[in-house]
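As structure tokens, the structure follows; a few thoughts come after it.
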Amino acid sequence: MIKNNIEIKNLSDYPVKVRDCFEMIDIFKDQFGLAVNELSVSFLNDKEMTLINRDHLSHDGSTDVISFDYRESKSSKEIDAEIIISAERADLQAEEYSVSFENEVARLLFHGLLHIAGYNDDNAEEKNEMTKLENSLLHKWESSA
């Protein structure tokens, strides 16, 4: 589905609510004062995610979310990016963390968007900051429903 320069594709075997993803992206854009030049979000199974992780990041195994930032200037206020989420991993993590599948999908989408906005999780301090921002965004999304 495409809307306002945003394309969201569910290529997985899991019931991702694509319309909810558009709402999440709108909440993110509003909070961070960003516009979308072009954004692609794809939901895949673990097998495909493992191949992308290996081929593009030289990492073994699957992961839950990968973000590719295509902006020429990292200070740009326009998003030009691709986010790939393992819906299979989201399902497993939802069970592990005792949250709904939709909640985990939202967290992963917000996490990917935060990476595009310049946030990192390379150390404990950065990871803590990202988790706080994810929680804030999740709260706004859940409150808007």
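All of the numbers you see were taken from the coordinates with simple rules; none came from a lab. Only a predicted model underlies this, so the values are computations on that prediction, with no experimental measurement involved. Every residue, glycine among them, receives a Cβ derived from its backbone with ideal geometry; neighbour counts consider all protein chains shown.
Odds and ends about this structure:
- Using θ = phi - 60° and Karplus 6.51 cos²θ - 1.76 cosθ + 1.60, couplings along the stretch 51-58 (whole Hz; Gly, Pro as x): 5, 5, 4, 6, 6, 9, 10, 6
- Point-charge dipole on Cβ atoms (K/R +1, D/E -1) for the stretch 31-112, about Cα centre, debye to 20: 280 debye
- Value of Rg/Rh across the stretch 3-47 [Cα atoms, Kirkwood radius]: 1.02
- With contacts taken as Cα pairs under 8 Å and at least 6 residues apart, the chain reaches a relative contact order of 23 percent.
- Radius of gyration and maximum dimension Dmax of the stretch 86-145, Cα, Å: 11.6, 33
- Contact order relative to length of the stretch 29-98, as percent, for alpha carbon pairs under 8 angstrom and 6 or more apart: 40 percent
- The chain - charge dipole about Cα centre, Lys and Arg +1 at Cβ, Asp and Glu -1, debye rounded to 20: 380 debye
- Placing dummy labels 7 Å off each Cα toward the beta-carbon, the span from ASP55 to THR131 is 3.4 nm.
- Dimensions of the stretch 10-145 along the principal axes, based on C-alpha atoms and rounded to the nearest Å, stand at 35, 34, 31, largest first.
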